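Presented below is the structure to which this report refers.
Readers should treat all values here as calculations from the given coordinates under stated rules, not as data from a laboratory. This structure is a prediction, so every number in the text was calculated from the model and none was measured. Using ideal geometry, Cβ is built from the backbone for each residue, glycine included, and neighbour counts are taken over all protein chains shown.
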Amino acid sequence: MHGVIETLDAAGYRRFGFEFGAIIAVFFGLLLPWAWDLGWPLWPWIAFGVLAIAALAVPMALKPVHYGWMTIGHWIGKITTPIVLAVMFYLLIFPCSVIMKLFGHDPMRRKLDTDVDSYRLDSKENPEANLEYPF
């Protein structure tokens, strides 16, 4: 996205209105009340109705709603992406590297050897049969 929110045509805004309204209705009207044993609220269904009617009658009127929602999504993504990547790094990659170092495993073969002239490894020759079915 890189700061630019794509403008849609009427069919795109119509689809956005139906999908956004359905997500609000299902999530806030069914799933959360069922999961938390709450009363069944009416407002998600009203929001779905308003968005569905707008999507059918005047889909271009949903442009500000789409712009606002995409802006919120953009900022949520900017905040959560580094957090998720940091958690993955410190819970998965970093412990694996520590374990590999403890056991002396060096997959990149970075050990210094003064007896060799070059660290270049010759590639293995691939037969032409490997190119017949590449995938």
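The loop-placed GluC sites (Glu not before Pro) in the range 62-135, going by DSSP, that have at most 16 neighbouring Cβ atoms within 10 Å of their Cβ come out as GLU125, GLU132. Per residue, the average separation of C-alpha pairs within less than 8 Å and at least 6 apart gives the chain a relative contact order of 24 percent. Summarised as an ellipsoid, the range 10-105 has semi-axes of 42, 20, 9 Å, derived from the eigenvalues of the Cα gyration tensor scaled by 5 and square-rooted, with the largest first. Computed about the Cα centre, the dipole magnitude for the chain is approximately 580 debye when only Lys and Arg (+1) and Asp and Glu (-1) carry charge, each at its Cβ.
Does the range 82-135 come out rounded, prolate or oblate, given a ≥ b ≥ c as the square roots of the eigenvalues of its C-alpha gyration tensor, rounded meaning a/c under 1.5 and, failing that, prolate meaning a/b above b/c? Spell out each step's value before the answer.
Values: a/c = 3.31, a/b = 1.31, b/c = 2.53.
Because a/c hits 1.5 or more and a/b fails to exceed b/c, the range 82-135 counts as oblate.
Taken one residue at a time, the phi angles of the range 54-71 give Karplus couplings (6.51, -1.76, 1.60, θ = phi - 60°) of 5, 5, 6, 7, 9, x, 5, 5, 7, 4, x, 5, 4, 4, x, 5, 5, 5 Hz. Gly and Pro are set to x. A simple count of charges around MET70, restricted to other residues whose Cβ falls under 12 Å of its Cβ and scoring Lys, Arg +1 and Asp, Glu -1, yields 0. For the listed peptides 54-60, 80-86, 115-121, a ranking on the average number of other beta carbons within 10 Å per residue, highest first, reads 54-60, 80-86, 115-121.
Please report the base-10 log of the normalised intensity I(q)/I(0) for the range 1-61, using a Debye sum with one equal scatterer per alpha carbon and no solvent, at each q in 0.20, 0.21, 0.23, 0.29 (1/Å). Taking Cα atoms of the range 1-61 as identical point scatterers yields -0.74, -0.77, -0.84, -1.05. Taking a straight line from the alpha carbon of LYS101, these lysines sit under 21 Å away, with near neighbours fewer than eight places off in the same chain left out: LYS111. Along the charge dipole of the chain, which of TYR119, LEU51, HIS105 sits closest to the positive end, that is, farthest toward it, with unit charges on the beta carbon of Lys, Arg, Asp and Glu (+1, +1, -1, -1)? Most positive-ward Cα: LEU51.
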